[in-house]
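First up is the structure itself, then whatever we jot down about it.
The values are calculated or read from the model by the stated rules, or taken from the named source; none is laboratory data. All figures in this text were calculated on a predicted structure; none of them were measured in a lab. Quick reminder, even Gly has a Cβ in these numbers, built from the backbone with ideal geometry, and neighbours come from all protein chains shown.
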Amino acid sequence: MKLIRRGDIWLINFRPDGREGEAGQTHPGIVVSNNANNARAPLLQTVPLTSNTGRVYVTNVVLPNQRTGLDYDSKAQIEATRATHVSRLVKRLGFVPDDLMLEIDGKLRMHFGL
């Protein structure tokens, strides 16, 4: 079984789901569900990432590559948060540092009205 932690960045197979505005390829995503869930449940909450950082919206968080282990600067697309089956996780790519996870947490609260 994979060790999956909140804040991990994984290469995720989002296919075949991708409809307009949704992630629909194999690319990085952040695990945002809690570690108790991640250890037991088959579904995780994930936030897709994109390296297209030309436009940054209020629901996005920019992640500098030198802080995450990714090859490129990326942005977390909080508005595209989704349930993802653990079988869709291909390999671990990196980790989001605590200060950026706090920013992601704030955007999640804003987006979901919590």
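Points worth noting:
- Scanning the range 1-50 for residues that are modelled with pLDDT under 90 and among the acidic types (Asp, Glu) returns 17, 20, 22.
- Residue within the range 9-17 that is closer than 24 Å to residue 113 by Cβ, among the polar types (S, T, N, Q) and not in a helix (DSSP H, G or I) present: no
- Among the residues making up the range 47-70, those that are of a type in the set (S, T, N, Q) and under 14 Å from residue 94 (Cα atoms) are 65, 66, 68.
- Taking (1) out of contact with any helix residue (DSSP H, G or I) (no Cβ under 8 Å at 6 or more places or on another chain); (2) of a type in the set (A, V, I, L, M, F, W, C); (3) modelled with pLDDT of 95 or more in turn, residue 83 satisfies each apart from (3).
- Where residue 26 falls short, out of the listed (1) over 17 Å from residue 112 (Cβ atoms); (2) crowded, with 17+ Cβ neighbours inside 10 Å: (2)
- Selection status of residue 76, under 12 Å from residue 31 (Cβ atoms), modelled with pLDDT of 95 or more and of a type in the set (A, V, I, L, M, F, W, C): yes
- Hits in the range 88-114 (condition: acidic (Asp, Glu) and more than 20 Å from residue 38 (Cβ to Cβ)): 99, 103
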